[in-house]
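Engineer: Here it is: the structure, laid out below.
The values are calculated or read from the model by the stated rules, or taken from the named source; none is laboratory data. Every value quoted in this text rests on a predicted model; they were computed, and no experiment measured them. Quick reminder, even Gly has a Cβ in these numbers, built from the backbone with ideal geometry, and neighbours come from all protein chains shown.
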Amino acid sequence: MVNSFIQPSDLKTLKLKHVEIVNNTHTYLRLTLPATKSHDKPIVTLQPAVRVYRALTKYHRLQDNANPNPNPNDYLFLPQHKDRAYAARVLAHYFNFVMAETGLKHGAQGQPRSLYSLRHSSITFRLLYGHGIDVLTLARNARTSVDMINRHYASTFTAEQNIGILQSRRPQARFGA
């Protein structure tokens, strides 16, 4: 989730047929998820999501006696559980277990972490570390609004955190030479 911007509810509905590996100038996953609210456009992931996807599908093939032709309608996460509400609860349980075992169940301000924290991290990391990322592109890719990003994800940012971007200049076009 940290590399894909998806919502926790997407975990239970994401099927193999919704995922495409794109190898162009950049390598990423194109996630063509079922429509949610008023959002129906594909999500593109960061490159590390490709490695995670490949590892997960390889694991599933090994569990399924190396079936070389997985069913495109198989779920990506916990495909053995046909009850998808139950699968979502299992994923949340796994996440909570890892957070508790590592002492990371609560954030720096004491707020409890949930699977949704991974989406929050995904968007926040792009705001912090994405070189010149514009909020509109990020909002559309994450299937949210610019207002939601401003109110919830960027609300604690200061101008000093992006002083390099604020002071940057576009290269001057050179005429004649």
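Engineer: Could you please let me know if Leu78 is of a type in the set (A, V, I, L, M), within 19 Å of the chain's Cα centre (by Cα), within 21 Å of Leu29 (Cβ to Cβ) and at pLDDT below 95?
Structural biologist: Working: of a type in the set (A, V, I, L, M): yes; within 19 Å of the chain's Cα centre (by Cα): yes; within 21 Å of Leu29 (Cβ to Cβ): yes; at pLDDT below 95: yes.
In short, yes.
Engineer: Within region 22-49, which residues are within 12 Å of the chain's Cα centre (by Cα) and within 16 Å of Phe77 (Cβ to Cβ)?
Structural biologist: Leu29, Leu31, Ile43, Thr45, Ala49 - these are the residues of region 22-49 that are within 12 Å of the chain's Cα centre (by Cα) and within 16 Å of Phe77 (Cβ to Cβ).
Engineer: Now, a different point. Restricting to region 131-157, name every residue that is assigned to a loop (DSSP other than H, G, I, E, B), under 15 Å from the mean Cα position of the chain (by Cα) and over 20 Å from Leu31 (Cα atoms).
Structural biologist: Here is the first cut: in region 131-157, the residues assigned to a loop (DSSP other than H, G, I, E, B) are 131-134, 142-145, 154-157.
After this cut, where a residue has to be under 15 Å from the mean Cα position of the chain (by Cα) as well, the list is 142-144.
Correct list: empty.
Engineer: If we scan region 4-21, do we find a residue that is among the aliphatic types (A, V, I, L, M), surrounded by fewer than 18 Cβ atoms within 10 Å (Cβ to Cβ), closer than 17 Å to Leu118 by Cα and under 17 Å from the mean Cα position of the chain (by Cα)?
Structural biologist: Just the residues of region 4-21 that are among the aliphatic types (A, V, I, L, M), to begin with: 6, 11, 14, 16, 19, 21.
From what's left, surrounded by fewer than 18 Cβ atoms within 10 Å (Cβ to Cβ): 16, 21.
Pick out the ones that are also closer than 17 Å to Leu118 by Cα and you get none.
No, every residue in region 4-21 fails to be among the aliphatic types (A, V, I, L, M), surrounded by fewer than 18 Cβ atoms within 10 Å (Cβ to Cβ), closer than 17 Å to Leu118 by Cα and under 17 Å from the mean Cα position of the chain (by Cα).
Engineer: Only one residue in Ala55, Ala92, Ala88, Ala35 is without any contact (Cβ under 8 Å) to a residue 60 or more places away in the chain and within 27 Å of Met148 (Cβ to Cβ), so which one is that? Spell out the reasoning first.
Structural biologist: Working: Ala55 fails: within 27 Å of Met148 (Cβ to Cβ); Ala92 fails: without any contact (Cβ under 8 Å) to a residue 60 or more places away in the chain; Ala88 fails: without any contact (Cβ under 8 Å) to a residue 60 or more places away in the chain.
So the residue among Ala55, Ala92, Ala88, Ala35 that is without any contact (Cβ under 8 Å) to a residue 60 or more places away in the chain and within 27 Å of Met148 (Cβ to Cβ) is Ala35.
Engineer: Let me ask you something else. For region 49-69, which residues satisfy the criterion of being surrounded by 14 or more Cβ atoms within 10 Å (Cβ to Cβ) and either touching a Leu at 6+ places or on another chain (Cβ under 6 Å) or at pLDDT 95 or above (or both)?
Structural biologist: Answer for region 49-69, where residues must be surrounded by 14 or more Cβ atoms within 10 Å (Cβ to Cβ) and either touching a Leu at 6+ places or on another chain (Cβ under 6 Å) or at pLDDT 95 or above (or both): Ala49, Val50, Val52, Tyr53.
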